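No lab work stands behind these numbers, since they all come straight from the coordinates. What you see is a predicted model, and the numbers here were worked out from it, not measured in a lab. When we count neighbours, we look across all protein chains shown, and the Cβ atoms used for this are built from the backbone with ideal geometry, even at glycine.
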Amino acid sequence: MTQRLASCSCGQLTARVAGEPVRVSLCHCLACQRRTGSVFGAQARFPREAVVASGPSTSYVRAGDEGPGGRFHFCPHCGATVWYELLGLEAFVAIPVGAFADPGFLAPSVSVYEERMHAWVVPPPDAEHIP
């Protein structure tokens, strides 16, 4: 079974996952742009029981553009988000793909909020594209 480790920048907050993600997606909503400081968020969704988080975190709850939003867990020292709970989808945990620091990570299969996507961004052509 595949094992992966996500970590914050300073290494004190981690999330260890077992198995493959059930979904890897890009989100172009403005909230994800602000949260990541980038032009989209890339996240991998895992069953909750496949994720073991370690280390102290601070959390922030934000409403979603649609739906109840999420509870984001980030390092109180370096500020990097390592994992988050999808409110209303309690069976899953999402982890920012960049927290794995693995250039070989699976490509996204879904791209959402594309009406807010920067014109120069090109999601994988075989991904499901949701305006």
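Take every DSSP beta bridge with both residues inside the chain and express the antiparallel ones as a percent of the total, to the nearest 5.
Given both bridge residues lie in the chain, the antiparallel proportion sits at roughly 85 percent.
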**Report entry** region 8-42 and region 90-131: distance between their alpha carbon centers, rounded to Å
**Finding:** 9 Å
Report summary line: Final fewest-first order of Trp120, Trp83 on the 10 Å Cβ neighbour count is Trp120, Trp83
Requested in this report: Please give the residues of region 88-131, grouped as numeric ranges, whose backbone N is less than 12 Å from a label point set 7 Å along the Cα-to-Cβ vector of Glu66.
Outcome: 112-115, 130-131
Report summary line: Cα convex hull volume per residue for region 3-129, in Å³, equals 106 Å³
Query - Dipole of the chain, positive direction: furthest Cα of Ala80, Gln12, Ala119, with charges on the beta-carbon - result: Gln12
Requested in this report: Over all alpha-carbon pairs of region 51-114, lay out the pair-distance distribution in 5 Å bins, whole %, shortest bin first.
Outcome: 4, 15, 21, 27, 20, 11, 2
Report task. Report, by chain and number, residues whose modeled amide H sits under 5 Å from the one on Trp83, excluding near sequence neighbours (fewer than 5 apart, same chain). Result -> His73
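Please rank Leu106, Leu5, fewest neighbouring Cβ atoms within 10 Å first, as an exposure proxy.
Final ranking by Cβ density, sparse to dense: Leu106, Leu5.
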Report summary line: When Glu85, Glu115 are arranged by how many other beta-carbons sit within 10 Å of their Cβ, fewest first, they go Glu115, Glu85
